[in-house]
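Written out below as C-alpha cells is the structure these notes cover.
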Amino acid sequence: MASSRKSNLAESVAAHFAPLLPRHSHILVGLSGGMDSVVLLHLLHILAPRFEWRLSALHVHHGISPNADAWANFCADLCARKGIPLHIERVDIAPLRDEHGIEAAARKLRHAAFARQPCDYVALAHHADDQAETLLLQLLRGAGVKGVAAMPAVKSATPHARAILRPLLDVSRDELSEYAQQQGLRWVEDESNADDAYPRNFLRHRLLPLLEQRFPAYRDTLIRSAQHFAEAGDLLDELARQDAQDSLTDGPLDVSLLRALSHSRARNLLRYYLHMRNTPMPQAVQLDEMLHQLCDARDDAAVCVEFGGWQLRRYRDKVHVFSALAAFDRNLVLPWCGDAELPWPALERTISFRSVQGQGVSLAKLQRKAVTLRLRNGGESLRPQRNAATRSLKNLLQERHVPPWQRERLPLLYSGAELVSVIGVAIQADYQAQQGEAGLLVSFE
C-alpha cells in the first residue's frame, strides 16, 4: 500500500468502497474476534455514520477450540460496547468433517450462515497475505485457472449467497497489526494458527518468511499473478457462453454441443455449466469421466456420475445435474385434507394445491372419497384424455419424457383406491374439471 494510504487506513477504505455502496446499505461483518476482523469492524464502525451505512456482525461458533465460548463472549462484549448488533450462530462441523476436512467444513458452514443473514453486503477481513497464501495453496493442490484467481474486492450477490466486500485485500498483515496497535485494539488469538499441521500455517510460518528474504515483494507479485488468472478465467467463461449458444439460461445442456467441441473447450463448457448450477467443482479426473460418459456412452446407457453429493445424468441427449436425492420410504402415504401445501420427501419438493375454475382436478369428484398421495407400486394405468385409450403408467411416463430417476419418486393422487392424477404429468380424463366447475391445480413449487 502506498505511504499516503498507510497513514490513514479508514480514508483509503472510504475512497475505494463509499462510491460502490449506496447510503443506508446494511453491512454485516464476519467477526471471528481475531485481529483482522476486529480491525475491519473498527474501520467500518468509524465510516458507517458518515455514509449512513447500517452495521451488524455475525460470529460463527464452530465449537472446535476449547476457547470457542470465550471468543464468542469477546465478540459479544466488543459489539455491545460499540452498539453494533451481533448474531452468534453455533454450527456443527462433525457431519462435514470427514468429507471436507476441518478448515473446508468450517468455511462451508460460515458461508451458509452468512447467506442466511438479512443484509445487503457481507464484509470479510481477507488481506494481502491471505491472497498470496491462497494462490500458493491452490497451486500446490493443482487447481485450475478459477481456483488460483484472485479474490475480488467486491463480489456480486447470487441466488445462493450475499454480496461480498473485502475492504482489506491490498493491506498486509503487518500493516493491520500496526494499525491495531496504534488504535489500542484488543483481539483474541486462535491457538490453531500456530499449528504447522495446517497447510496454510506451514506456508505462513515456514515457507513465506524464507521467500520474503529472497523476494521481498512476493505479495505484490503473487497478487498480480492472481489477477492475471482472474482475467483468464473471465475469458474462459466468455468462451463457454459462446460455445453454449444461449442454452445455459435454463434447463439442461445439449450433449451435441459438447460433442462438437475440442476436448479442452468441451471441458471448459461443462465446467462452466456446473458452475452456473452452483455445484461443487469436480476434480479433473471426474470432469474427464463425465465428458466420456456423456459423449461416448451408448444411447440407451443410464449415465450417472456422482460427485460431492450431486449427480450428473444424461437423458434424451441432455445433461441434467442436481443434488443427489436421499433414500425414500416406498410405503409413504400422505392424506390431503385441504392443505395448501404438502412436503413430498421422495423428490425433496413441495406440492401445492390451488383452487381454480374449469381447470385441474374436479374438486367435487376428487372429494367423494378419502384423498391421498402415494408412490408407484407397478401396474398403474391412466386415461389422459376422454378420446384416448387407457395407458399404462410406465408407457405414459416414457411418452411424456419424464426422466427415469424421477419416475419412481413421483406423487400419485388418489381418490379412495382410484388413481386421479400423476402430479405434473397427467390427470385421469374422468376427473378433469369442466368449464365453470370448481377445480384443483396440483403442482410442484
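Laboratory data are not the source of any read-out in this text; all were calculated from the coordinates shown. Remember, it's a predicted structure, so these values are computed and weren't measured experimentally. Note: ideal-geometry Cβ built from the backbone for every residue, glycine included; neighbour counts use all protein chains shown.
At-a-glance table
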item	result
Chain lengthening between ALA157 and ALA260 when straightened (0.36 nm per residue, less Cα-Cα)	33.7 nm
Cβ-derived FRET efficiency at R0 41 Å, ASP300 paired with LEU140, nearest 0.05	0.45
Region 245-323 - percent relative contact order, Cα under 8 Å, separation 6 or more	31 percent
Per-residue [θ]222 nm for the chain (sum of -39500 (n - 2.57) over DSSP H runs n ≥ 4, rounded to 500)	-12000 deg cm²/dmol
Fluctuation leader among LEU40, LEU239, LEU28 - the chain, Gaussian network, Cα springs under 10 angstrom	LEU239
Anisotropy class of region 3-224 from Cα gyration tensor, a/c 1.5 cut	rounded
Efficiency of FRET between ARG374 and HIS205 - r from beta-carbon atoms, R0 56 angstrom, step 0.05	0.40
Loop sites in region 357-406: trypsin sites (Lys or Arg not before Pro), DSSP, at most 14 other Cβ within 10 Å	ARG368, LYS369, ARG386, ARG400
Residue-span extension gain [GLN283 to ALA364] - 0.36 nm each, minus C-alpha spacing	23.7 nm
Cα→Cβ-extended label distance, 7 Å offset, between ASP246 and ALA70, nm	6.2 nm
Label selected from (1) 1.24; (2) 1.02; (3) 1.15, the criterion being Cα Rg over 2.2 N^0.38 Å as computed here	(1)
Positive-end residue of PRO280, TYR315, ALA301, charge dipole of region 245-323 with Cβ unit charges	PRO280
Backbone HN-Hα couplings from phi across region 278-287 [Karplus 6.51/-1.76/1.60, Hz, Gly and Pro as x]	6, 8, x, 8, x, 5, 4, 5, 5, 4
The chain: angle of helix 128-140 to the longest principal axis, Cα-based, in degrees nearest 10	60 degrees
Projected label distance in nm at GLN398 and ASP77, using a 7 Å step from Cα toward the beta-carbon	7.2 nm
Charge dipole of region 333-444 about the Cα centre (unit charges at C-beta), most positive-ward option of ALA438, LEU382, PHE353	LEU382
Distance in nm between pseudo-label sites at SER352 and VAL333 (7 Å out along the Cβ direction from Cα)	2.9 nm
Per-bin percent of Cα-Cα distances, region 244-317 [5 Å]	3, 16, 30, 29, 19, 3
Partner lysines for LYS146 [C-alpha distance under 25 Å; skip if fewer than 8 residues away on the same chain]	LYS108, LYS155
Paramagnetic reach from GLN311 (point 7 Å along Cα→Cβ, amide N under 16 Å) across region 383-419	402-411
Region 74-165: trypsin sites (Lys or Arg not before Pro) falling in loop per DSSP and having at most 14 other Cβ within 10 Å	ARG141
Spatially proximal aspartates and glutamates relative to LYS318 (Cα-Cα < 14 Å; intrachain offsets below 8 disregarded)	ASP250, ASP254, ASP296, ASP299, ASP300
Contour minus Cα-Cα distance for GLU191 and LEU235 (0.36 nm per residue)	11.7 nm
